[in-house]
Amino acid sequence: MKHFSCFLIALLFIGGTLHAQDQTFKKLREESAKGIKNTEKDTTGRLWKKGGSFGLTFNQGSLSNWAAGGDKLSLSLLGTLNAFANYKKGRHSWDNNIDLAYGYVNTTSLGTRKSDDRIDLTSKYGYDIGRNWYLSGLFNLRTQFTDGYIYPTDSTREFTSTFFAPAYIVLSPGIDWMPNKDFSLFMSPFTGRWVVVRDEFLSSKGAYGVDTGKHVKSEFGAYVTATYNKEFAKNMTYKTKLELFSNYKHNPGNIDVFWTNIISLKVNRLISANISWDMIYDDDVRVFENKETGVMGPRLQIKQVLGVGLTAKF
C-alpha cells in the first residue's frame, strides 16, 4: 500500500502541471452541478453565489421466457443533489458545497440492496496572498444516510455501517495552490481528523479503528486534497478529487486514500449521462475477508456507477 500511495502522490503533483482553467476548490461541485462559473468576473456586485443541480436516474428491466436467462424484474433508482453557496469579497472567500447521493436496486433473485449512499459537506475559507497561493482553513464531513451491509453470499448479509457510523470529520488549516482554472491543491501538515462510530454494535467490535466500546477516535496528521476539472470535449467534462491523509499517531506510512472520478455528458438541457468510479483505501476498515486465507483485513474499495437520467439546475 505504501508503493500505491507514493504513486498516487506522484500522480497528484504531475496533475498540477496540466494547463486548465480553475481557481478554487469549489469548482469540483460547481462544474458537477453545471452552476455559475465563479471565476468569471461578476459585474452584478453580488457577494454570494448560490446554485446546484438535482439528478434522478431510473432503470427498469423485465424478462419473460428469455432463453439467455436473468432476473424476471429489475428496478433501480438513484437520486443526486449538488449545491453550493459561495461568498467572495476582496481577498476573502468562503466556499460551501454539499454532495448527496442515494440509490437502490431491486431484483427478483436478490431483493433490495443499496447502490449508492453519500453525504459529503465541505466548507473552506481562503485569503488571497498572491501568486496563486491562498491561506485557507477547511472543514469536511463525510458519512451516509442509512444502514449498509456486505454480502458474503447471495443469501447472507453482514451489517457494516449506518448514519454517523462511520463519519469522518476533518478540520485543517493549510495553504492552497491554484495555478490555473482547473487545478487546485490544498496542503496541510497539521490536520485534525475524527472518526465517529455512534452505533453501539459497531463500537463494541472496534469498527473503523475506534477503541472497543468507544465512539470517537481522534487522529492528527498530514492532509492533501487535489481537484481537477476539465471540459475535454463539447458537453463532456471530467472531474476528479483525491484526498490523502497520514496519521502521525499510528502507522503514518499507511496513507488513507479517497479518490472520486466523474465523467459527465450533457445530452440536452434536461438529460445527462454520468460515469463515476470511486476508490477508497483505509487501513482501519477491516471488514473484508481474504478468500484464500480467511483473514479479515483492509482492501482497496472500488465503486462504479453508470447512469442516464434527468437533471434539473436551480
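Conditions tested, residue by residue: (1) touching a Pro at 6+ places or on another chain (Cβ under 9 Å); (2) of a type in the set (A, V, I, L, M); (3) without any contact (Cβ under 8 Å) to a residue 40 or more places away in the chain; (4) within 27 Å of Ala165 (Cβ to Cβ).
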| residue | (1), (2), (3), (4) |
| --- | --- |
| Phe58 | no, no, no, no |
| Thr80 | no, no, yes, yes |
| Ala83 | no, yes, no, yes |
| Thr108 | no, no, yes, no |
| Gly111 | no, no, yes, yes |
Q) Since Tyr281 meets every condition but one in (1) closer than 25 Å to Leu185 by Cα; (2) in contact with a Leu (Cβ under 6 Å, 6 or more places away or on another chain); (3) at pLDDT below 90, which condition does it not meet? A) (3)
Q.
Out of the residues in segment 243-278 meeting the condition of being touching a Lys or Arg at 6+ places or on another chain (Cβ under 7 Å) and of a type in the set (Val, Ile, Thr), tell me which one is modelled with the highest pLDDT.
A. Thr260
Q: Select, from Val197, Val224, the only residue that is within 15 Å of Leu141 (Cα to Cα), under 21 Å from the mean Cα position of the chain (by Cα), surrounded by 20 or more Cβ atoms within 10 Å (Cβ to Cβ) and of a type in the set (Val, Ile, Thr).
A: Val197
Q) For Thr212, all conditions in the list (1) touching a residue at least 24 places away in the same chain (Cβ under 8 Å); (2) of a type in the set (S, T, N, Q); (3) surrounded by fewer than 17 Cβ atoms within 10 Å (Cβ to Cβ) hold save one; what is the number of the exception? A) (1)
Q | Condition check for Tyr104: part of a strand (DSSP E or B) and either in contact with a Phe, Trp or Tyr (Cβ under 6 Å, 6 or more places away or on another chain) or farther than 24 Å from Ile302 by Cα (or both) | A | no
**Q.** Residue in segment 230-242 that is at pLDDT 95 or above, more than 19 Å from Lys303 (Cβ to Cβ) and surrounded by fewer than 20 Cβ atoms within 10 Å (Cβ to Cβ) present
**A.** no
Q: Could you tell me whether segment 264-281 includes any residue that is touching an Asp or Glu at 6+ places or on another chain (Cβ under 9 Å), under 23 Å from Ser161 (Cα atoms) and loosely packed, with under 14 Cβ neighbours inside 10 Å?
A: no
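The values are calculated or read from the model by the stated rules, or taken from the named source; none is laboratory data. Remember, predicted model here, so these are calculated numbers, not experimental data. As a convention, Cβ positions derive from the backbone with ideal geometry for all residues, glycine included, and neighbour counts pool all protein chains shown.
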